[in-house]
Amino acid sequence: MEKQLICIVCPVGCRLTAAGTPDDLTVSGGKCKKGDAYARDELTNPVRMVCTTVRITGGIHGVLPVKTDKPIPDRYKLDAVKAVSGLVLASPVKMGDVVLADLFGTGVNMVAERDM
């Protein structure tokens, strides 16, 4: 297998080529070791931060921005958005308050991104 990636760890954006199997992976094209680690992680266990909004009553706006406090496995990102889509919070909410705890048993929380 051969996969082309663009490293997002730093602003350089190296074009990486990963070849082989997950157990015997060769990564080329990176200007530093961070690209190698990024490619290996991206191909074996991709993770993403999830940012979305939640409805809120009693605030100055009708929605509150929320995000995961750590990256969540990529396979859960759509489910995380669906999980908060039905929530309606009540003001006051402080930045950092946990909106949903331990998403899908991953230990990752959805937290408020501002006071409202």
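The values are calculated or read from the model by the stated rules, or taken from the named source; none is laboratory data. Predicted model only: the values in this text are computed from it and were never measured. No Cβ is skipped: glycine too gets one built from the backbone with ideal geometry, and neighbour counts run over all protein chains shown.
Do you know which of the residues in the stretch 57-73 that are small (Gly, Ala, Ser) and out of contact with any strand residue (DSSP E or B) (no Cβ under 6 Å at 6 or more places or on another chain) is farthest from LEU5 (Cα to Cα)?
GLY59
Let's see how each residue does on (1) over 30 Å from PRO92 (Cα atoms); (2) among the aliphatic types (A, V, I, L, M):
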site: ILE6; (1), (2): yes, yes
site: VAL50; (1), (2): no, yes
site: ARG55; (1), (2): no, no
site: ARG75; (1), (2): yes, no
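In the set THR57, THR44, which member is among the polar types (S, T, N, Q), at pLDDT 90 or above and in contact with a Leu (Cβ under 9 Å, 6 or more places away or on another chain)? Let's see the steps before the verdict.
Numbers: THR44 fails: at pLDDT 90 or above.
Only one candidate passes the filter, namely THR57.
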Picked from the stretch 28-84 (must be β-branched (Val, Ile, Thr) and in a helix (DSSP H, G or I)), the residue farthest from VAL108 (Cα to Cα) is THR44
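Tell me which residues, restricted to the stretch 2-34, are farther than 16 Å from ASN45 by Cβ, of a type outside the set (Lys, Arg), surrounded by fewer than 16 Cβ atoms within 10 Å (Cβ to Cβ) and more than 24 Å from the chain's Cα centre (by Cα). Please lay out each step first, then the result.
Step one: of the stretch 2-34, the residues farther than 16 Å from ASN45 by Cβ are 2, 4, 6-7, 10-17, 19-20, 24, 26, 28-34.
Imposing the further condition that a residue be of a type outside the set (Lys, Arg) reduces the set to 2, 4, 6-7, 10-14, 16-17, 19-20, 24, 26, 28-30, 32.
Checking the rest, the ones that are also surrounded by fewer than 16 Cβ atoms within 10 Å (Cβ to Cβ) come to 2, 4, 6, 10-13, 17, 19-20, 24, 26, 28, 32.
Passing the criteria: GLU2, ALA19, GLY20, ASP24, THR26, SER28.
Given the options VAL50, VAL108, VAL54, name the one that is in contact with a strand residue (DSSP E or B) (Cβ under 8 Å, 6 or more places away or on another chain), without any contact (Cβ under 8 Å) to a residue 60 or more places away in the chain, buried (at least 19 other Cβ atoms within 10 Å of the Cβ) and under 27 Å from CYS10 (Cα atoms). Give the derivation first.
Numbers: VAL50 fails: without any contact (Cβ under 8 Å) to a residue 60 or more places away in the chain; VAL54 fails: under 27 Å from CYS10 (Cα atoms).
Of the residues listed, the single one that is in contact with a strand residue (DSSP E or B) (Cβ under 8 Å, 6 or more places away or on another chain), without any contact (Cβ under 8 Å) to a residue 60 or more places away in the chain, buried (at least 19 other Cβ atoms within 10 Å of the Cβ) and under 27 Å from CYS10 (Cα atoms) is VAL108.
Is the stretch 89-106 home to any residue that is under 21 Å from ASP41 (Cβ atoms) and assigned to a loop (DSSP other than H, G, I, E, B)? Steps first, please.
We begin by selecting, within the stretch 89-106, every residue under 21 Å from ASP41 (Cβ atoms); these are 103-106.
Applying the additional criterion that residues be assigned to a loop (DSSP other than H, G, I, E, B) yields 106.
So far as the stretch 89-106 goes, yes, one or more of its residues are under 21 Å from ASP41 (Cβ atoms) and assigned to a loop (DSSP other than H, G, I, E, B).
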If you go through VAL66, VAL81, the only one that is surrounded by 13 or more Cβ atoms within 10 Å (Cβ to Cβ), closer than 24 Å to VAL9 by Cα and either in the same structural domain as ILE8 (by TED's automatic domain parsing) or hydrophobic (A, V, I, L, M, F, W, C) (or both) is VAL66
